[in-house]
Amino acid sequence: MGNDVMDLQALKHRNKLYEQLLDEVNVGIHVINNQGKTIIYNKKMMEIESMEAADVLDKDVLEVFSFKENQHSTLVHTLTTGKETRGIKQTYFNNIGKEITTINDTFPIIKDGKITEAVEIAKDITQLEQVIKENVLQRKNTKFTFDQIIGDSEEFATVIEDAKLATRTTSSVLIVGETGTGKELFAQSIHNGSARSSAPFVAQNCAAIPESLMESLLFGTKKGAFTDAIDSPGLFEQANGGTLLLDEINSLDASLQAKLLRVLQERTVRRIGDTKDKKVDVRIIATINEDPADMIMENRIRKDLFYRLSVVTLFIPPLRERKIDIMPLTTEFIHKYNTLFQMNIKNVSEEAKELLYEHDWPGNVRELEHTIEGAMNLVVEEKEIQVHHLPTRFRNHNKYKRDNDRNSKDSPPINDFHSRKLRVRMEQLEKEYIKRTLLENNYNITQAAKILGISRQSLQYRIKKFNI
């Protein structure tokens, strides 16, 4: 009796150990019995399929999951045929319709000549599959050209001209600019203005993909290179003959940067697991959203890779440094959303314009577009965007200004007089100082801005403001 108790305890311990091991492995494991009902469903499989064990255990697998017309359950197929399959890609849907793509190894459990269970070991490639689909879609919808880039400021116009010159060659281009400044718009315009315009344009945000997937995504894989690997072309092969945009390239780790540099230098790519190199003809356009000098000093981008990429370098100024472009951009966004929303907004009120000009726009042009779109959602019968249509942060700023103005009016006249006198005097001094500096430098804006310690855009804004 004592041995039986000990054997039972040992068996319980072993089963608990097996359950723990099943939940620790980094692959999905799904087992169904000979009736097609799930009997084992590990933690990783729950993550892959975004489901709980209670949603699947003891239920018919075909009642829980659905499949496309031309596909079937690899588990059920193995259960009914007894055939083992390896490296089969399967796309299906969970109980709420979420699409899932996995690479499966499936095999039967046979006892006394009969199939008793079917076991599936799955590796999730849903994200990788989605990236590939997005890249294909991007190649079909490369729509931006230089005619659609809006900006009247002198420095921005210079960037546009430099970008147009870059269309004549196949040299690598590095585009530097804050988030929301329109880096991809420039990249697409360069591609569409070049001799490669009829070839693929493939774009990839390097920060959006885990390091474990990025190498296979860039260079492709050969079947058998590792567990569940299939023959798959990488981004270089997909973009062959055209342009590959690598957004936030500084997100790549050092080893991947080294491999990327080799591809750029040798113009060949080798799939993971392959022994042969393939020639590729790809123009690289890379983007970063911070100062490249800082990244080099902090070893977040290899110097040799940086120099290889920055044959042509474009620095896109942030919107706060070219506020002269706010209203042309706003007009374009109003026109865009008038068409989409079937509205007829004519303009922006003077008070709302003032708030748009005063805002620093940390999100740049993208933030401005979202602001106009949001404002137009609140317009009912008016024909112009007013302050109360703008987001809360603008309205709060306006309330703060009104409160300050009210406090000023409530103050003794002498204080109001001195306050206005000081403000006017400061503006007069600023205007005279700028005029004198411009005169001393023969109206060379770049040199004058350097002496004044401000950017060219800031100086141009003040020239317009003071009507110099």
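The values are calculated or read from the model by the stated rules, or taken from the named source; none is laboratory data. Predicted, not measured: the structure shown is a model, and the values here were computed from it. When we count neighbours, we look across all protein chains shown, and the Cβ atoms used for this are built from the backbone with ideal geometry, even at glycine. When the accessible area is computed, the model is the full protein with side chains, heavy atoms only, and any ligands, DNA or RNA have been set aside. Shrake-Rupley method; radii C 1.70, N 1.55, O 1.52, S 1.80 Å.
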### Query
If you take the residues in segment 66-97 that are more than 16 Å from residue 118 (Cα to Cα) and of a type in the set (A, V, I, L, M, F, W, C), which one is modelled with the highest pLDDT?
93
### Task
Among the candidates 367, 382, single out the residue that is of a type outside the set (Lys, Arg), under 21 Å from residue 181 (Cα atoms) and out of contact with any Asp or Glu (no Cβ under 9 Å at 6 or more places or on another chain).
367
### Message
Pull out all pairs, ordered by first then second residue, where Cβ-Cβ is under 7 Å, the residues are six or more apart or on different chains, the first lies in segment 295-308 and is farther than 10 Å from residue 261 by Cα, and the second is in a loop (DSSP other than H, G, I, E, B) and open to solvent by less than 100 Å² (accessible area, probe 1.4 Å).
### Response
295/301
### Candidates 157, 199, 163, filtered to the one that is hydrophobic (A, V, I, L, M, F, W, C), open to solvent by 20 Å² or more (accessible area, probe 1.4 Å) and in a helix (DSSP H, G or I)
157
### Message
So residue 223 passes all but one of these: (1) touching a residue at least 60 places away in the same chain (Cβ under 8 Å); (2) in a helix (DSSP H, G or I); (3) under 30 Å from residue 121 (Cα atoms); (4) open to solvent by 20 Å² or more (accessible area, probe 1.4 Å). Which condition number does it fail?
### Response
(2)
### Summary
Scanning segment 34-58 residue by residue, the ones that are outside any helix (DSSP H, G or I) and in contact with a Ser or Thr (Cβ under 6 Å, 6 or more places away or on another chain) total 2
### Message
Given the criterion under 29 Å from the mean Cα position of the chain (by Cα) and open to solvent by less than 10 Å² (accessible area, probe 1.4 Å), identify the matching residue among 324, 385, 372.
### Response
372
### Query
When segment 241-251 is examined, which residues are found to be buried (at least 17 other Cβ atoms within 10 Å of the Cβ) and at pLDDT 90 or above?
242, 243, 244, 245, 246, 247, 248, 249
### Message
Give me the residue from segment 112-138 that is among the charged types (D, E, K, R) and touching a strand residue (DSSP E or B) at 6+ places or on another chain (Cβ under 9 Å) and, out of that set, modelled with the lowest pLDDT.
### Response
134
### Message
For the structure I just gave you, tell me whether residue 100 is part of a strand (DSSP E or B), at pLDDT 85 or above and out of contact with any Phe, Trp or Tyr (no Cβ under 8 Å at 6 or more places or on another chain).
### Response
no
### Query
List the pairs whose first member sits in segment 111-124 and is open to solvent by less than 20 Å² (accessible area, probe 1.4 Å), whose second member is not basic (Lys, Arg) and not in a strand (DSSP E or B), and whose Cβ atoms are under 6 Å apart, counting only residues at least 6 apart or on separate chains?
118/75; 118/78; 118/79; 120/75
### Task
Inspect all residues belonging to segment 263-286 and state whether any of them is modelled with pLDDT under 90, within 20 Å of the chain's Cα centre (by Cα) and open to solvent by less than 40 Å² (accessible area, probe 1.4 Å).
no
### Query
Is there a residue in segment 36-52 that is open to solvent by 20 Å² or more (accessible area, probe 1.4 Å), of a type in the set (A, V, I, L, M) and over 20 Å from residue 99 (Cα atoms)?
yes
